[in-house]
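Q: Got a structure for you, questions after.
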Amino acid sequence: MRAHKDVIGALPELLAARNIDQVKDRIQRFISAIGFDFFLIGIEDFPLTGAPQHSIQTNYPTTCVEQYGRLQWLGRDPVVRHCRQSSLPLIWHQGHFLGDACQLHEESAAHGISTGVATALHGARSSRAMMISVANGACFNAKTQAWLTETMPIVHLLASYAYEAINRIDEISASENIGLTRREDECLHWAAAGKTSWEISRILGCSEATVNFHFRNIIQKLGASNRRQAVVRALSLGLIRP
């Protein structure tokens, strides 16, 4: 139990991570302290246009990850399916892998990934969903179930901190890559507040044509199709605050 308290107390360290590698290193340390060997973070982004985009951060063996992708297990994985449908944590084990999914569990178990806890988060920005699954090679029985039930709240709390840490890192990276000018940033801020081009021109002391010029650049930089979409994307990236 002391290890559990230490991990809970240390979780805010995730928010100080400067890059994804630091997030992964800290998660590895936290899960090892409570008895797990492996973790997988799956992120699903829903852009304004186009298909959902998927990415993972994990310490799973490379061969396991490559085979998962090659055999296209994402749409058939019962743990992923649960996390897409529910925010409740799940204790998962061999009994969840029925039909052709038995093969997935057999392949994972061969790498020491047999039993674990998974949970999902859908944050304030509904354009992103995240799941985290932690696992080891333990056989599922009454003793294992009791231990997993005990660690479940910690895993769910870990997911919350990981979600926030990864979002912060991605927002900083996105804002640096987009490279809005100071005037463009000001125009976005006032547009998010509901101001028209004419009103923004009065506030900034420039012509309405100049404001519209800035918005054409903003729309292009953000890959949006109009001003409203640009504001929504900027909010989702953390470039402006609601």
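Every number here is computed from the coordinates shown, using simple stated rules; none is lab data. Keep in mind that this is a model prediction, so the values were computed, not measured. Here the Cβ is made from the backbone with ideal geometry for all residues, glycine too, and neighbour counts use every protein chain on show.
Q: For His122 and Ile20, calculate 0.36 nm times their separation in residues minus their Cα-Cα distance, and state this gained length in nm to one decimal.
A: Numbers: separation 102, 0.36 × 102 = 36.72 nm, distance 1.94 nm.
Difference between extended and current length: 34.8 nm.
Q: Which values of log₁₀ I(q)/I(0), to two decimal places, follow from the Debye formula for the chain at q = 0.15 Å⁻¹ with a uniform point scatterer at every Cα?
A: Values, matching the q order: -1.00.
Q: Taking the number of other C-beta atoms within 10 Å as the exposure measure, put Glu199, Glu106 in order starting with the fewest. Mind showing how you got there, number by number?
A: Values: Glu199 15, Glu106 12.
The order, fewest Cβ neighbours first, is Glu106, Glu199.
Q: If each of Asp100 and Ala193 carries a label point 7 Å out from its Cα toward its Cβ, how far apart are those two points in nm?
A: Placing both labels 7 Å along Cα→Cβ, they lie 5.6 nm apart.
Q: Could you name the lysines in cross-link range of Lys195, using Cα to Cα under 23 Å and dropping any fewer than eight places away on the same chain?
A: Once the sequence-local lysines are set aside, what remains near Lys195 is Lys221.
Q: How much net charge surrounds Ile178 when only other residues with a Cβ under 11 Å from its Cβ are counted (Lys, Arg +1; Asp, Glu -1)?
A: Values: positive: Lys221, Arg233; negative: Glu171, Glu176, Glu184, Asp185.
Residues near Ile178 contribute -2 overall.
Q: Could you line up Phe39, Phe97, Phe46, Phe140 from fewest to most neighbouring Cβ atoms inside 10 Å?
A: Working: Phe39 23, Phe97 20, Phe46 14, Phe140 17.
Ascending Cβ contact count within 10 Å gives the list Phe46, Phe140, Phe97, Phe39.
Q: HN-Hα J couplings of the range 223-239 from phi, Karplus 6.51/-1.76/1.60, θ = phi - 60°, integer Hz, Gly and Pro as x?
A: Couplings: x, 9, 9, 7, 5, 4, 5, 5, 5, 4, 5, 4, 5, 5, 8, x, 6 Hz.
Q: In nm, to one decimal, how far is the modelled label at Asn141 from the one at Ala110, with both set 7 Å along Cα→Cβ?
A: Inter-label distance under the simple model: 2.6 nm.
Q: For the residue pair Arg70 and Asn177, what label-to-label distance in nm results when each label sits 7 Å from Cα along the Cα-to-beta-carbon direction?
A: 2.9 nm
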